[in-house]
Protein chains: 2
Amino acid sequence: MKTSEDALIQKFRRAQAGDARRQLQLGMGDDAALFITKRGYETILTCDWFLEGTHFLRDRHPADSIGWKCLARAVSDVAAMGGEPRCFLLSVALPESCIGKWLDEFLSGLRRAARRFGCALAGGDTTRRRDVLINVTAVGEVRAGRGVLRSGARPGDALFVTGRLGEAQRGLQLIRQAKGRLRKNHPLLKKHLYPEPRLALGQWLSEARLASAMMDLSDGLSSDLPRLCAASKVGAKIEAARIPTLAPERGGDPLELALNGGDDYELLFTVRRDKVGDVPRSFQGVPLAKIGTIIDGRSLQLMLPDGREETLVAGGWDPFRAT
Amino acid sequence: MKTSEDALIQKFRRAQAGDARRQLQLGMGDDAALFITKRGYETILTCDWFLEGTHFLRDRHPADSIGWKCLARAVSDVAAMGGEPRCFLLSVALPESCIGKWLDEFLSGLRRAARRFGCALAGGDTTRRRDVLINVTAVGEVRAGRGVLRSGARPGDALFVTGRLGEAQRGLQLIRQAKGRLRKNHPLLKKHLYPEPRLALGQWLSEARLASAMMDLSDGLSSDLPRLCAASKVGAKIEAARIPTLAPERGGDPLELALNGGDDYELLFTVRRDKVGDVPRSFQGVPLAKIGTIIDGRSLQLMLPDGREETLVAGGWDPFRAT
């Protein structure tokens with residue numbers, strides 16, 4: 001099948017129908033998109049790679065999950081600022097052989113995600129390539145001055161995480177081990193294939209001025225916590241027993257998965273000591289757990305269930321450390 | 001050499017110094033960037049692939065040209081809306097072997113371009129990959145309602161192009177044929193390696209309300225003109241003799257290069273009949289040429305120098321037609 005770039009853009013444009021298009025003056029098909037920010041708001045900008053072989057396996061991951069997840073990953077960064085997603089740009093490079101069924105399924109997952117997150121496809125770029133390459137730029141908004149940064153944590157702040165850590169990594173393990181077809185609605189696979197960015201929670205933490213610092217967990221707690229601490233110039237002490245892990249019967253090493261598993265897209269945030277009581281145990285069904293405390297200095301300590309203390313070692317996913 | 005992703009981000013962050021950072025509340029190092037749009041302005045959003053093997057050859061193109069051009073290409077779309085660039089997001093995937101000298105040169109070209117275009121590096125994403133993959137999202141601004149779209153051309157409008165068409169393609173031919181080292185300041189190579197988006201001109205055409213429709217020429221006139229006409233639901237008639245081509249002694253077929261050569265990043269725009277007299281012959285040294293007229297219907301006609309008329313056939317660069 002031969003397709004021109006223009007025909008392909010038409011296909012993407014059709015996938016746009018039904019999206020939340022408020023504020024979008026001009027969408028696909030021109031040189032650029034035009035977007036109007038609400039008065040009193042700042043624009044959030046973030047982009048994310050999603051590459052075959054690096055971030056997903058074309059023969060293992062369903063195309064509609066690739067469509068969903070490429071947007072969910074980018075939108076999760078908007079959640080981590082306490083913002084609301086508005087629109088996104090999609091850059092896709094793909095082989096000729098993917099232009100039929102694969103692309104239709106990809107677009108169906110993408111459209112579902114765009115609706116769920118209230119984020120309209122505003123434009124993008126397409127080209128041909130042997131491997132499927134995806135880059136998503138997500139654009140969001142947050143009330144001016146209310147964006148929650150990584151740099152706001154202070155000694156004495158309590159450290160929280162949302163959800164259960166390590167589920168997505170366990171899902172990936174199952175996908176790698178699987179012989180036959182996968183049940184996409186298996187709860188562990190769902191977290192890996194169709195992650196739900198914590199948008200409502202992130203916005204609430206920002207609006208209620210509860211979070212002093214926040215980020216999303218994409219590379220694993222042991223890699224991401226050091227980033228929050230470095231940005232805030234502080235250290236942290238966390239208790240393994242308090243980390244919400246998988247039940248042991250789910251397989252794998254629950255603590256190792258929780259510390260080093262990537263792709264969870266849960267939120268990691270800090271709260272001033274005097275506001276800790278205002279943090280509920282769960283928010284719209286998502287559990288919130290206090291896992292430790294921000295400390296003076298720059299050390300990162302992990303207290304094990306047996307009382308021993310060790311230094312937290314970054315063992316999460318880093319593409320430049322992978323070999 | 002082993003590098004962590006965080007160390008690499010530091011390297012990019014250092015390359016940021018000296019950039020135009022007005023309006024940027026928060027740059028690299030957090031989950032996302034925060035950007036404040038000026039009141040009464042709309043935000044322009046555009047993204048572009050720049051991929052090894054597809055858009056450049058790592059063994060032929062100097063790394064600093066790759067840094068310059070990846071931003072120039074994206075910023076050219078901002079110029080084509082009549083806007084002013086503000087900031088950009090940079091996604092780079094690259095092999096370990098590129099992290100030293102190659103990356104330094106790439107960042108030096110990128111920094112030069114960022115200064116020239118007044119466009120600050122606001123964030124991005126890095127990962128490792130066998131080939132160098134680049135995606136740039138450029139963010140600009142234009143006074144509300146003044147963005148010049150592709151869809152505003154009407155029958156009777158005059159059709160203009162800036163600069164000389166086909167130079168960049170001829171530069172690419174010379175690079176492909178070259179045996180030894182290239183003289184980067186050779187005028188034809190310069191256009192191919194370090195294109196200058198027509199920012200001042202685009203802004204002026206928007207502010208002066210001269211352009212009724214506009215786009216940039218990235219894939220060649222014969223591919224891009226049909227896009228402008230399709231968006232405006234009109235046809236066009238152009239005269240080969242009026243198209244600003246290369247002098248024949250530069251080699252290649254000047255008309256073929258001008259019609260089908262890509263990467264020129266000149267502007268193609270239309271002007272209402274009664275305003276044609278207001279268009280100068282050149283603007284800040286860039287020549288402006290009237291090459292034809294917008295017509296009723298959807299046909300695209302090319303009048304040859306000998307008076308024969310033929311249908312314009314899209315022969316420009318289309319990644320999905322390339323084989």
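The values are calculated or read from the model by the stated rules, or taken from the named source; none is laboratory data. Note that the coordinates shown come from a computational prediction; the quantities given were computed from them, not determined experimentally. Note that we place each Cβ from the backbone using ideal geometry, even for glycine, and neighbour counts take in every protein chain shown. Side chains are part of the model used for accessible areas, which takes the heavy atoms of the whole protein and leaves out ligands, DNA and RNA. Shrake-Rupley method; radii C 1.70, N 1.55, O 1.52, S 1.80 Å.
Laid out as a table, the results:
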{"quantity": "Coordinate range along principal axes, alpha carbons of segment B:92-142, Å, largest first", "calculated": "39, 18, 14"}
{"quantity": "20 Å reach of a label modelled at A:Glu207, 7 Å along Cα-to-Cβ, counting backbone N of segment A:77-102", "calculated": "A:77-87"}
{"quantity": "Taking N as its residue count, the alpha carbon Rg of segment B:159-302 over 2.2 N^0.38 Å", "calculated": "1.06"}
{"quantity": "Using a 7 Å Cα-to-Cβ projection, A:Gln173 label spacings across copies, nm, ascending", "calculated": "6.0"}
{"quantity": "Cα-based reach from B:Lys275 at 24 Å (exclusive), listing lysines while leaving out same-chain residues under 8 positions away", "calculated": "B:Lys233, B:Lys237, B:Lys290"}
{"quantity": "13 Å Cα-Cα reach of B:Lys191 towards aspartates and glutamates, excluding residues that sit fewer than 8 places from it in its own chain", "calculated": "B:Glu167, B:Asp263, B:Asp264, B:Glu266"}
{"quantity": "Rounded to 10°, Cα long-axis angle of helix B:167-177 versus longest principal axis of chain B", "calculated": "60"}
{"quantity": "Cβ-vector label at 7 Å, A:Gly315, separations to other copies in nm", "calculated": "6.2"}
{"quantity": "Accessible carbon and sulfur surface of the protein assembly as shown relative to its total accessible area, %, 1.4 Å", "calculated": "47"}
{"quantity": "Over chain B: Kirkwood hydrodynamic radius from C-alpha pairwise inverse distances, Å", "calculated": "20.4"}
{"quantity": "Shortest-first distances to equivalent copies, position B:Gly285, nm, label 7 Å out along Cβ", "calculated": "6.2"}
{"quantity": "Sequence-distant aspartates and glutamates (8 or more away, or on other chains) whose Cα lies within less than 16 Å of A:Lys179", "calculated": "A:Asp59"}
{"quantity": "Magnitude of the charge dipole, the protein assembly as shown, Cβ model with Lys/Arg +1 and Asp/Glu -1, debye to 20", "calculated": "500"}
{"quantity": "Semi-axis lengths (Å, descending) of the ellipsoid that matches the C-alpha gyration tensor of the protein assembly as shown", "calculated": "46, 24, 23"}
{"quantity": "Accessible area per residue, Å², the protein assembly as shown with all protein chains present, probe 1.4 Å", "calculated": "39"}
{"quantity": "Segment B:47-192 - Rg (one decimal) and Dmax (whole number), Cα, Å", "calculated": "16.9, 55"}
{"quantity": "Solvent-accessible area buried by pairing A with B, both sides, nearest 100 square angstrom, 1.4 angstrom probe", "calculated": "5700"}
